[in-house]
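Student: Have a look at this one before I ask anything.
We did not get these values from a lab; they are worked out from the coordinates using the rules stated. Quantities reported herein were computed from a predicted structural model and do not represent experimental measurements. Cβ: placed from backbone, ideal geometry, glycine included. Neighbour counts: every protein chain shown.
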Amino acid sequence: MARAGLTADRLTQAAADLADEVGFENVTVSALARHFGVKDASLYSHIRNAHDLRVRLAVRSLAELADRVADAVAGRSGKDALIAFANAYRTYAREHPGRYTATRMALDPDVTADAAGKYDDMARALLRGYDLWEPDQTDAVRLLHSTFHGYVSLERSGAFHSHPRGVEASWTRALDALDSLLRAWPA
């Protein structure tokens, strides 16, 4: 076991890389053990089981996404922040498809508090630039997440490629529409 230099963090990073290569649903303890050239049992002193591994992967992926979005929106407001946020989200999903899928895993809020909280705080800060406060802010956060996730999911599945209009043009128009909606949020 010491030969492989296994730690929970190293296993989680390898699982993240594996998820991007073979898909989140194919990340198993056995696949990870094969990656390190060890027996499955060698991993159980670092992780409890496959579910624990996936939770660790999901939490890491949420933190990465939150960091990516934080870097993108720093110093921006209004439509500029909205576009930066959306593009960082979409780019992360494209560059890390397995990790992105992991961010959609249903998790105990106590487990994801830091990463999910940071991401949610940024979304709420973005919406304050549109002068949205509770309860409208929660509704708008859900709208943004639904729009970004829906677009990314449909794009990843190839659903948009049968139409001659470019996917980028539609993405830009969707962000324009979100900006208009957020500026004219119904009272």
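Student: Ranked from highest to lowest mean number of other Cβ atoms within 10 Å per residue, what is the order of the peptides 80-86, 150-156? Please list the in-between numbers first.
Tutor: Working: 80-86: 20.4, 150-156: 15.4.
Descending mean neighbour count gives 80-86, 150-156.
Student: Applying the Karplus parametrisation 6.51 cos²θ - 1.76 cosθ + 1.60 with θ = phi - 60° to the phi angles of the stretch 145-162, what ³J(HN,Hα) value in whole Hz is obtained for each residue in order, glycine and proline being reported as x?
Tutor: 4, 5, 5, 4, 5, x, 5, 4, 5, 5, 4, 5, 7, x, 5, 8, 7, 8
Student: Right, another one. Quick check: the angle from helix 8-22's long axis to the longest principal axis of the chain, C-alpha only, nearest 10 degrees?
Tutor: Tilt of helix 8-22: around 70 degrees.
Student: Against the longest principal axis of the chain, how steep is helix 50-73, in degrees 0 to 90 to the nearest 10, with axes from Cα atoms?
Tutor: 40
Student: Return the long-range amide H neighbours of Leu107 (sequence gap of 5 or more, or a different chain), with a cut-off of under 5 Å between placed amide H atoms.
Tutor: Close amide H contacts, sequence-distant or interchain: none at all.
Student: Another question, then. Just checking my list [x] 18.8, 63; [y] 16.9, 54; [z] 17.9, 65 against Rg and Dmax of the Cα atoms in Å computed from this structure; which label fits?
Tutor: Correct label, based on the coordinates given: [x].
Student: Still on this structure, I have one more. By per-residue mean of other Cβ atoms within 10 Å, what is the highest-first order of 141-149, 11-19?
Tutor: Output ranking for 141-149, 11-19: 11-19, 141-149.
Student: Do the sum for the chain: with -39,500 (n - 2.57) for every DSSP H run of n ≥ 4, divided by all residues, what is the mean residue ellipticity at 222 nm, to the nearest 500 deg cm²/dmol?
Tutor: Working: 8 runs with 131 residues, N = 187.
Here the helix-only value at 222 nm equals -23500 deg cm²/dmol.
Student: Same structure again: Relative to the first principal axis of the alpha-carbon coordinates of the chain, what is the inclination of helix 109-128, with its axis defined by its Cα atoms, in degrees from 0 to 90 and to the nearest 10?
Tutor: For 109-128 against the chain, the angle is about 20 degrees.
Student: Hey, with R₀ at 35 Å, roughly what FRET efficiency would Ala106 and Ala159 work out to, going by the Cβ-Cβ distance, to 0.05?
Tutor: Values: r = 24 Å, r/R0 = 0.68.
The formula returns an efficiency of 0.90 here.
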